[in-house]
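Peer 1: Let me give you the structure first, and then I'll get to my questions.
Each value in this text was obtained by applying a stated rule to the coordinates, not by laboratory testing. Every value quoted in this text rests on a predicted model; they were computed, and no experiment measured them. Positions of Cβ are generated from backbone atoms using ideal geometry, with glycine treated the same way; all protein chains shown enter the neighbour counts.
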Ligand SMILES: Cc1cc2nc3c(=O)[nH]c(=O)nc-3n(C[C@H](O)[C@H](O)[C@H](O)COP(=O)(O)OP(=O)(O)OC[C@H]3O[C@@H](n4cnc5c(N)ncnc54)[C@H](O)[C@@H]3O)c2cc1C
């Protein structure tokens, strides 16, 4: 039993490390807060282009496709090393996480030639147009209509919560093409050019203050039939394949919140020996609780990676990490605020970084518990797909979509 | 990354599982539970001894099989799963650990072969009534080669032949002493506990002959205390495996019941309140298992992080097992609250394991202390 890399893995890790170290001075900033959004994005694109040049943008893809023909384990090693820095990669996470793998799977050869590499290089950004005002967890409830007209389809309706739609060049979208059949049987999947006439993107201000997600309105937007991914009315299976693509990512067990080590120094420094400081028994118990959860996740990853290193892909049990991390981030951030007393509610002047601040994380965590599958949906996944408990009763299963509430 | 047990270790686990399934299912724990006079299952323990299990982790030069901690971990998981009512943990995780880490060569040569052949059941006596012994809260005294005072509760006190006892010596320093329990100056008394399937008792010493274990790490002042801490850390990891075995059994039982029991025309396992509860149990069990592996790694490799890894493994295992055991009853409904159903056996065991070598509050303190050493 060990945590060691195989010799090949170790070699790859070294290679990645030295490459990242070279990039760090130009692209890994302590904070991006002082830069304009445009500047952040253009730095991001530059770094992404360099990544793609090395095949690091999609490590498991062949070199022809723009990858490096690597193993899933190498992809994880790269992520682990990249995560030690603060590179501006956030703009491409969704783009390369789901839309682009779906294009790889369902688009024609010529389309793949045209679209994959520019996305890997960060020149073009893709978004995922799934959720609608009346359909989130229940993706099968989408209403945005697509009607055939000659060689085109005409799209009308609304998508919502689309992350980074405002900077996206393309998007993948699920539409309703046959409302007269049961909900899962009348959907069709496309990709769309976000600059098409009739598309309007409006940023939505999030509860935590950011504006990274948008609502997207479609009015008579024409999409060529050639942009269809999968068969007509078989969009559900393409959508499921997309969601399955949600590749196994080893995310930071601190969930992007404050690192425990920094927090302990902070408490020692700011709260001294009094209440809320490191000697306060209430504080000490919370620190133990946080670490036990964090260590549980890190060691859970170590077990999954052991399988991955031997060629086994993780199954649905991997869903547990987001449940644990997001809840812990929320609770731990609130605990730290508690320790600070009334001042815990006050934002500092962020001379260092907003990114890891517990006050910011406390709010962001609320969204983390929803994005990419809510806590409740993930628990259903574990109960049904890991423990084999019965699925929920579906009252809408065999009813034509247009007759549903 | 190779954060898993080896194929050989897994097949040892299977072998242990099969033996326990065939020879020591829950009906055995239940016999001990129901019969006040039985402190353990003597026949199952004898069979285990014949298989060499009493000496599984004792080095060959002392007559054991000489396997390591990782092997002990996988066996512990199965012992926990089947609630085996035998002095495996007292003898192996506590008594032998103390001797292996602290005893002189002569003592090891004298005692360990007796353990391996099953002639000697051992235990460790540290608690003295309410509370957990701290450095300066040890009442039992070791003076002129003799022990005086009272220890309770002590696991397997009624059946052990020898014990390692935490005492203070003439210099008021903590020390661990070895003594033969079959002497007149030792009085044993049986104690009733919440978990009667694992016997406990009290040991009172009226000048009982004992010898101090050799000092740990060259005889520094607190060597006895360090040795005691070392034994607790090893035991924390090994007990964590018993706990995750038990927690796993609870989840399996609850899941199976939830699939088969119908209410309102559907399996109760189709109600989300039950599904989410069981998903929560699963999550807790997985975290505990992952942390137990971390403890196993630290123990097996002699890593410096052992005190941290052991405390994390222990708290995680306590939480997971107690949650799994109580929700197992909840999922079973009224049936779960009967003497006849096995649910309460796990509930009782989860509680007694949560207490035996110190409860979660105590071990959380160790987590934070170790983190402070590491980070601050
Ligand atoms: C930060 C952020 C970024 C996002 N980015 C994108 C994006 O890029 N593209 C995109 O398409 N979407 C995106 N989303 C949308 C996200 O996928 C949905 O918000 C999410 O799936 C929940 O759907 P909903 O908001 O409609 O809530 P609902 O589905 O209406 O859920 C409301 C509540 O009911 C619960 N619930 C619903 N169904 C069940 C059930 N079967 N069992 C138990 N409880 C249930 C939910 O858990 C929740 O608590 C994003 C969301 C956030 C917060």
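Peer 1: Taking Cα pairs under 8 Å and at least six residues apart, what relative contact order does region A:18-74 come out at, in percent?
Peer 2: Values: 46 pairs, mean separation 10.7, N = 57.
About 19 percent, as a whole number.
Peer 1: Shape call for chain A from the C-alpha gyration tensor, a ≥ b ≥ c root eigenvalues: rounded (a/c under 1.5), prolate (a/b greater than b/c) or oblate? Write out the running numbers ahead of the final one.
Peer 2: Numbers: a/c = 1.64, a/b = 1.44, b/c = 1.14.
Since a/c reaches 1.5 and a/b is larger than b/c, the shape of chain A is classed as prolate.
Peer 1: Taking every DSSP beta bridge that has both residues in the protein assembly as shown, what percent is antiparallel when rounded to the nearest 5?
Peer 2: Values: 62 of 74 bridges.
In the protein assembly as shown, approximately 85 percent of DSSP beta bridges are antiparallel ones.
Peer 1: Here is a follow-up. Taking the alpha-carbon centroid of each part, what is the distance from region A:1-32 to region B:162-211 in angstrom?
Peer 2: Result: 55 Å between the Cα centres.
Peer 1: Given the options B:298, B:263, B:236, which has the most mean-square fluctuation in a GNM of chain B, springs set between C-alpha atoms less than 10 angstrom apart?
Peer 2: Its mean-square fluctuation being the largest, the pick is B:263.
Peer 1: Something else about it: Sorting B:62, B:262 on the 10 Å Cβ count, fewest up front, what's the list?
Peer 2: Details: B:62 21, B:262 11.
Sorted ascending by nearby Cβ count, the order is B:262, B:62.
Peer 1: Could I ask something else about it? Compute the acute angle (0 to 90°) between the alpha-carbon long axis of helix A:281-309 and the principal axis of greatest extent of the alpha-carbon atoms of chain A; round to the nearest 10°.
Peer 2: 50
Peer 1: Taking the alpha-carbon set of the protein assembly as shown, what are its Rg and Dmax in Å?
Peer 2: Reported Rg and Dmax, both Å: 30.2, 103.
Peer 1: Taking the 0 to 90 degree range and rounding to the nearest ten, how far is the long axis of helix A:260-271 tilted relative to the main principal axis of chain A, both from C-alpha atoms?
Peer 2: The angle comes out at about 50 degrees.
Peer 1: Sort A:265, A:184 so that the residue with the fewest other Cβ atoms within 10 Å of its own Cβ comes first and the one with the most comes last. Intermediate results must be reported in sequence, preceding the final value.
Peer 2: Numbers: A:265 14, A:184 20.
The fewest-first ordering by Cβ neighbours comes to A:265, A:184.
Peer 1: Compute the distance from the alpha-carbon center of region A:308-343 to that of region B:52-71, in whole Å.
Peer 2: 39
Peer 1: Label-point separation (nm) for residue A:338 and residue A:38, each offset 7 Å from Cα along Cα-to-Cβ?
Peer 2: 4.6
Peer 1: Moving on. With a ≥ b ≥ c taken as the square roots of the eigenvalues of the C-alpha gyration tensor of chain B, please select rounded if a/c is under 1.5 and otherwise prolate if a/b is larger than b/c or oblate if it is not? If you can, show how the numbers build up before the last one.
Peer 2: Details: a/c = 1.70, a/b = 1.53, b/c = 1.11.
The shape class here is prolate.
Peer 1: Just the number, please: Stokes-Einstein D of region A:18-118 in µm²/s, Kirkwood Rh from C-alpha pairs, 25 °C, 0.890 mPa s. Can you show the working numbers first?
Peer 2: Values: Rh = 14.4 Å.
The Stokes-Einstein estimate is 170 µm²/s.
Peer 1: Roughly speaking, what % of Cα-Cα pairs in region A:127-235 are separated by over 17 Å, rounded to a whole number? Could you put the intermediate results ahead of the total?
Peer 2: Numbers: 2900 of 5886 pairs.
Counting pairs separated by more than 17 Å, the tail of P(r) holds 49 percent.
Peer 1: For chain A, modelled as a GNM with alpha-carbon contacts under 10 angstrom, which of A:110, A:119, A:319 fluctuates the most?
Peer 2: In the Gaussian network model the winner is A:110.
Peer 1: Here's a follow-up. Restricting to Cα pairs below 8 Å that are 6+ residues apart, what does the relative contact order work out to for chain A? Please round to a whole percent. Working shown, then result.
Peer 2: Details: 626 pairs, mean separation 54.4, N = 405.
It rounds to 13 percent for chain A.
Peer 1: Region A:190-228 to region B:78-95: how many Å between their Cα centroids?
Peer 2: The distance from the Cα centre of region A:190-228 to that of region B:78-95 comes to 62 Å.
Peer 1: How long is region B:122-219 along each principal axis, judged by its Cα atoms, biggest number first, in Å?
Peer 2: Extents along the principal axes: 39, 28, 23 Å.
Peer 1: Given the rule -39500 (n - 2.57) for each run of at least 4 DSSP H residues, summed and divided by the residues of chain B, what is its mean residue ellipticity at 222 nm, to the nearest 500 deg cm²/dmol? If you can, show how the numbers build up before the last one.
Peer 2: Details: 11 runs with 191 residues, N = 376.
Helix-only estimate at 222 nm: -17000 deg cm²/dmol.
Peer 1: With the cut-off at 28 Å, report for region B:223-375 the share of all Cα pairs above it, as a whole percent. Present the calculation step by step, with values, prior to reporting the outcome.
Peer 2: Numbers: 3208 of 11628 pairs.
Tail of P(r) above 28 Å: 28 percent of Cα pairs.
Peer 1: If R0 is 25 Å, what FRET efficiency do you get for residue B:143 and residue B:189 from their C-beta distance, rounded to 0.05?
Peer 2: Numbers: r = 23 Å, r/R0 = 0.93.
In this case the efficiency is close to 0.60.
Peer 1: Something else now. Taking the DSSP beta bridges in chain A as the whole, what percent of them are antiparallel, to the nearest 5?
Peer 2: Values: 32 of 38 bridges.
So the antiparallel bridges amount to about 85 percent of the total.
Peer 1: Right, something else. Counting other beta carbons within 10 Å of each Cβ, put A:28, A:333 in order, fewest first. Present the calculation step by step, with values, prior to reporting the outcome.
Peer 2: Numbers: A:28 17, A:333 24.
If I rank by nearby Cβ atoms, fewest first, I get A:28, A:333.
Peer 1: Counting only DSSP beta bridges with both residues in region B:102-188, what percent are antiparallel, rounded to the nearest 5? Numbers along the way, then the final one.
Peer 2: On the way: 10 of 16 bridges.
If we restrict to bridges inside region B:102-188, about 60 percent are antiparallel.
Peer 1: Moving on. Report, in deg cm²/dmol and to the nearest 500, the calculated mean residue ellipticity at 222 nm for chain A, where each DSSP H run with n ≥ 4 adds -39500 (n - 2.57) and the sum is divided by the residue count. Walk me through the numbers before you get to the answer.
Peer 2: Numbers: 12 runs with 163 residues, N = 405.
For chain A, the value works out to -13000 deg cm²/dmol.
Peer 1: Please give the FRET efficiency for residue B:22 paired with residue A:206, using the beta carbon to beta carbon distance and R0 = 51 Å, rounded to the nearest 0.05.
Peer 2: Working: r = 59 Å, r/R0 = 1.15.
So the FRET efficiency works out to roughly 0.30.
Peer 1: Output needed for region A:250-386: three equivalent-ellipsoid semi-axes, defined as square roots of 5 times the C-alpha gyration tensor eigenvalues, in descending order, whole Å. List each step's numbers first, then the result.
Peer 2: Working: eigenvalues 189, 53, 35 Å².
Computed over region A:250-386, the values are 31, 16, 13 Å.
Peer 1: Here's a follow-up. On a 0 to 90 degree scale, rounded to 10, what angle separates helix A:37-53 from the longest Cα axis of chain A?
Peer 2: Once rounded, one gets 80 degrees.
Peer 1: Please compute the contact order of chain B in relative form: average sequence separation of alpha-carbon pairs under 8 Å and at least six residues apart, divided by the residue count, as a percent. Don't jump to the answer; show the numbers that get you there.
Peer 2: Numbers: 698 pairs, mean separation 57.4, N = 376.
Rounded, it is 15 percent for chain B.
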